[in-house]
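**Student:** Sharing a structure, written as structure tokens. Questions coming.
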Amino acid sequence: MRTLSRLSHAAALAGVLLLTGCMAMAPKVDIAEPVQARPLPQTYAPAQSGAIFQSAGYRPLYETHRARMVGDIVTIVIRESITAKQESSSSIEKSGSISGSVSALPFLPKTSSVLGKLAVGGSSNNTFDGTGSSEASNLFNGTITTTVTEVLPNGHLLVAGEKQIGVGQSVDILRFSGQVDPMTIQPGNSVSSAQVANVRVEQTGRGARQEAMGIGWLARFFLSVVPF
């Protein structure tokens with residue numbers, strides 16, 4: 001019974017390590033949820049003032065079509081380009097020397113050949129040269145139509161959206177979320193991603209193509225557990 005218990009504990013531990021390795025190999029983007037929202041129903045309480053004009057149910061005859069309410073649509077033009085380059089170099093050099101000799105000894109004349117042999121000297125030299133460089137470049141272009149999910153007290157809009165395209169046995173998924181200032185929205189309710197705050201963009205896929213490009217679960221297990 002103890003042997004079976006130990007085996008079950010070992011299997012449970014291996015399962016936890018396997019799941020940990022799989023989770024570590026599949027990073028996720030913190031997309032704001034939900035990615036869609038329905039317009040809020042408008043309720044108007046009839047005022048008992050007796051006036052013709054009622055502010056609760058007023059809608060202007062001419063108003064902008066710019067997105068400003070929950071459920072409105074905003075098109076995000078994704079133009080993300082990030083380039084980073086770093087170079088470093090260092091040089092260290094250190095040298096030293098030491099020497100010593102004996103000029104006189106009791107009971108020996110100064111011209112003795114023994115005194116010439118009583119000398120010591122040493123030197124050291126240490127040189128280090130190191131250089132390093134790294135460069136990364138990322139380019140992401142695309143368009144996604146999002147929905148206003150929340151209106152902040154300052155009037156800014158929280159937008160989020162998802163696009164799924166299925167071809168054959170594969171599905172491509174594009175998700176986006178961010179914070180938009182209504183003043184940056186262009187005609188046609190479009191805005192550049194460079195003018196969106198707290199941008200979260202995720203492009204993933206699922207299906208046969210994604211499985212072919214991924215690493216098997218056993219390989220992930222050994223990559224996460226084996227230290228070499």
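The values are calculated or read from the model by the stated rules, or taken from the named source; none is laboratory data. None of these values were measured; they are calculated from a predicted model. Here the Cβ positions follow ideal geometry from the backbone for every residue, glycine too, while neighbour counts run over all protein chains shown. These area figures cover heavy atoms from the full protein model, side chains too; ligands, DNA and RNA do not enter into them. Shrake-Rupley method; radii C 1.70, N 1.55, O 1.52, S 1.80 Å.
**Student:** Specify whether the C-alpha gyration tensor of region 124-172 places it in the rounded, prolate or oblate class, a ≥ b ≥ c being the square roots of the eigenvalues: rounded for a/c under 1.5, otherwise prolate if a/b is larger than b/c and oblate if not. Working shown, then result.
**Tutor:** Numbers: a/c = 5.42, a/b = 1.98, b/c = 2.74.
Here region 124-172 falls in the oblate category.
**Student:** Sequence neighbours fewer than 8 away in the same chain don't count; with that in mind, list the aspartates and glutamates whose C-alpha is under 20 Å from Lys94.
**Tutor:** The qualifying aspartates and glutamates are Asp129.
**Student:** For Gly205, what residues show an amide H to amide H distance below 5 Å, using hydrogens built from the backbone and excluding near sequence neighbours?
**Tutor:** Ile173
**Student:** Ranked from the most accessible area to the least, with a 1.4 Å probe and all protein chains present, what is the order of Arg79, Arg200, Arg38?
**Tutor:** On the way: Arg79 130, Arg200 95, Arg38 205 Å².
Descending accessible area places them as Arg38, Arg79, Arg200.
**Student:** If you don't mind, there's one more thing I want to ask. Run the numbers for Ala194 and Ala84: contour at 0.36 nm per residue of separation, minus the present Cα-Cα distance, in nm. Each step should come with its number before you reach the end.
**Tutor:** Numbers: separation 110, 0.36 × 110 = 39.60 nm, distance 1.72 nm.
Here the segment from Ala194 to Ala84 would lengthen by 37.9 nm.
**Student:** So if we plug the beta-carbon distance of Asp181 and Arg206 into 1/(1 + (r/R0)^6) with R0 = 22 Å, what FRET efficiency do we get, rounded to 0.05?
**Tutor:** Efficiency for this residue pair is about 0.05.
**Student:** Using only the heavy atoms of the protein chains and a 1.4 Å probe, how would Thr64, Thr146, Thr204, Thr184 rank by accessible area, largest first?
**Tutor:** Details: Thr64 85, Thr146 0, Thr204 55, Thr184 30 Å².
My answer, sorted largest first, is Thr64, Thr204, Thr184, Thr146.
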